[in-house]
Amino acid sequence: MAQRLDKSKVLFGLAHTYTGYPLVKEARVRVKSGEIGRVTKVVVEYSQEWLAGELHDENNKQAQWRLDPSQVGISCCLGDIGVHAANLAEWELLIT
């Protein structure tokens, strides 16, 4: 994706809105203050309930690229939903 963006004049942006939720902000404060102790493991889930239905309809453009490993990689999720889960974990834990 980075290579394609470098060759184009397209502006790329991504909104990570989950960091704005009050409970997420509260969790970050508790982690940052040390209230919960040292964090040694992070498990992040990002549910996509719409992916549980019939997806291989050729008219479902949302599912077509998300389920094509040649476009999104072997996991079929990291470049789409995975970036949101990673952002949430990194922001909350102040990992840089």
Residue within segment 79-91 that is among the β-branched types (Val, Ile, Thr) and loosely packed, with under 11 Cβ neighbours inside 10 Å present: no
Members of segment 37-52 found to be surrounded by 10 or more Cβ atoms within 10 Å (Cβ to Cβ) and either in a helix (DSSP H, G or I) or at pLDDT 85 or above (or both), listed by number: VAL39, TRP50, LEU51
Pairs, first among the aliphatic types (A, V, I, L, M) in segment 1-12, second not in a loop (DSSP other than H, G, I, E, B), C-beta under 8 Å, six or more apart: MET1/GLY79
Top-ranked residue of segment 63-81 - restricted to ones that are in a helix (DSSP H, G or I) and touching a residue at least 12 places away in the same chain (Cβ under 8 Å), ranked as farthest from GLU49 (Cα to Cα): GLY79
Selection count, segment 61-92, where residues are farther than 30 Å from ARG28 by Cα, modelled with pLDDT of 75 or more and polar (S, T, N, Q): 3
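The values are calculated or read from the model by the stated rules, or taken from the named source; none is laboratory data. Everything numeric here is computed off the predicted structure, so don't read it as measured data. Neighbour counts run over all protein chains shown; Cβ positions are idealised from the backbone, glycine included.
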